[in-house]
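Visitor: Submitted below is the structure of interest, expressed as structure tokens.
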Amino acid sequence: MTREQYILATQQNSLPRTEHPQFYPVGIYGWRKRCLYFFVLLLLVTMIVNLAMTIWILKVMNFTVDGMGNLRVTKKGIRLEGISEFLLPLYVKEIHSRKDSPLVLQSDRNVTLNARNHMGQLTGQLTVGADAVEAQCKRFEVRASDGGKVLFSADEDEIVIGADRLKVTGTEGAVFGHSVETPHIRAEPSQDLKLESPTRSLVMEAPRGVQVSAAAGDLKATCRKELHLQSTEGEIFLNADTIRLGNLPIGSFSSSSSSSFSSSSPSSSAPRQTIYELCACPNGKLYLSPAGTSSTCQSSSNICLWS
């Protein structure tokens, strides 16, 4: 027997021999296996329900590659088609409609547009409400369609109307609480021009003159008390074919007694007087005196004394 055979024989004899070998099962059995299968089945059902809900939401909301529903995401921004409702404030840089449709902003209460500076302070506001349209800003302008000419502008200091014609169609006309500066006031063709101050005075002033003309009609100035025509350094020039002064008092002149004047008409028994002399009192009052061979105007006339 060789040495290697001897060593091998001795090793085999030294190993313990077991008559009944033991086996250990590997895996999950019993109630643990049933619980595992239940949770796997529940997870599978949840995944199927979530997948179905996701597909339903995508279908209902109309999700596409370009956007969602009426909302489309383009290179220039966001495009909304149809009617859109905003429940919270909207912050945008520019809003415009399609070329073939108008832009409509609608609200149950009012529509307010705010403009703010870089610090968040309010610089301009436009509110369209049920009772009024209010604009709050430093300067309000209305320009022509070409964007060049200013038709209307208003600020704290003045209001400028840049239109070629200002037309007031109200039955009561235009009411101004303070002074009005204008180079020209003209009525419509075939219409009357009326300047009236019902309870106060009407003053027209100009450093280089005031011209009132009626090219194809009458010029009428009516007042309740006195009408003053005053020129401090020049003269009052009346140029017409006929100048009439109506309702002037008539004084009577009697050559048989001292001159006396009264504001009554001549007696009906006397010959009708057709020629009168225009007289003036020292205070400027005018009256008529029956014409005679010489002047019948007397500075001591009762008309002058009573005036």
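Visitor: Determine, yes or no, whether Val142 is closer than 30 Å to Asp108 by Cβ and either touching a Pro at 6+ places or on another chain (Cβ under 7 Å) or open to solvent by 100 Å² or more (accessible area, probe 1.4 Å) (or both).
Guide: no
This table checks each residue for (1) outside any loop (DSSP other than H, G, I, E, B); (2) open to solvent by 100 Å² or more (accessible area, probe 1.4 Å); (3) of a type in the set (Val, Ile, Thr).
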site	(1), (2), (3)
Arg72	yes, no, no
Lys76	no, yes, no
Gly82	no, no, no
Phe86	no, yes, no
Val92	no, no, yes
Leu103	no, no, no
Asp108	no, yes, no
Leu126	yes, no, no
Asp131	no, yes, no
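Visitor: Another question, then. Could you please give the count of residues in the range 56-70 that are among the aromatic types (Phe, Trp, Tyr) and surrounded by 11 or more Cβ atoms within 10 Å (Cβ to Cβ)?
Guide: 1
Visitor: Sticking with this one: Which of (1) within 27 Å of Ala206 (Cβ to Cβ); (2) among the small types (Gly, Ala, Ser); (3) modelled with pLDDT of 85 or more does Ala174 not meet, given it meets every other one?
Guide: (3)
Visitor: Any residue in the range 224-235 that is under 30 Å from Ser153 (Cα atoms), free of Cβ contacts under 8 Å to residues at least 24 places away in the same chain, out of contact with any Gly (no Cβ under 6 Å at 6 or more places or on another chain) and not aromatic (Phe, Trp, Tyr)?
Guide: No, every residue in the range 224-235 fails to be under 30 Å from Ser153 (Cα atoms), free of Cβ contacts under 8 Å to residues at least 24 places away in the same chain, out of contact with any Gly (no Cβ under 6 Å at 6 or more places or on another chain) and not aromatic (Phe, Trp, Tyr).
Residue-by-condition table, conditions (1) open to solvent by 90 Å² or more (accessible area, probe 1.4 Å); (2) at pLDDT below 80; (3) charged (D, E, K, R); (4) under 21 Å from Ile303 (Cβ atoms):
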position: Glu196; (1), (2), (3), (4): yes, yes, yes, no
position: Leu202; (1), (2), (3), (4): yes, yes, no, no
position: Arg208; (1), (2), (3), (4): yes, yes, yes, no
position: Ala216; (1), (2), (3), (4): yes, yes, no, no
position: Ile236; (1), (2), (3), (4): yes, no, no, no
position: Asn239; (1), (2), (3), (4): yes, no, no, no
position: Leu245; (1), (2), (3), (4): yes, no, no, yes
position: Ser255; (1), (2), (3), (4): yes, yes, no, yes
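Visitor: Among what's in the range 111-124 and is open to solvent by 70 Å² or more (accessible area, probe 1.4 Å) and assigned to a loop (DSSP other than H, G, I, E, B), pick the residue that is nearest to Leu166 (Cα to Cα).
Guide: Looking at residues that are open to solvent by 70 Å² or more (accessible area, probe 1.4 Å) and assigned to a loop (DSSP other than H, G, I, E, B), I get Gln121.
The values are calculated or read from the model by the stated rules, or taken from the named source; none is laboratory data. Bear in mind the structure is a predicted one, so any value in this text is a computation, not a measurement. For neighbour counting, all protein chains shown are included, and Cβ atoms are generated from backbone atoms with ideal geometry for every residue, glycine included. All accessible areas refer to the heavy atoms of the entire protein, side chains included, with ligands and DNA or RNA removed. Shrake-Rupley method; radii C 1.70, N 1.55, O 1.52, S 1.80 Å.
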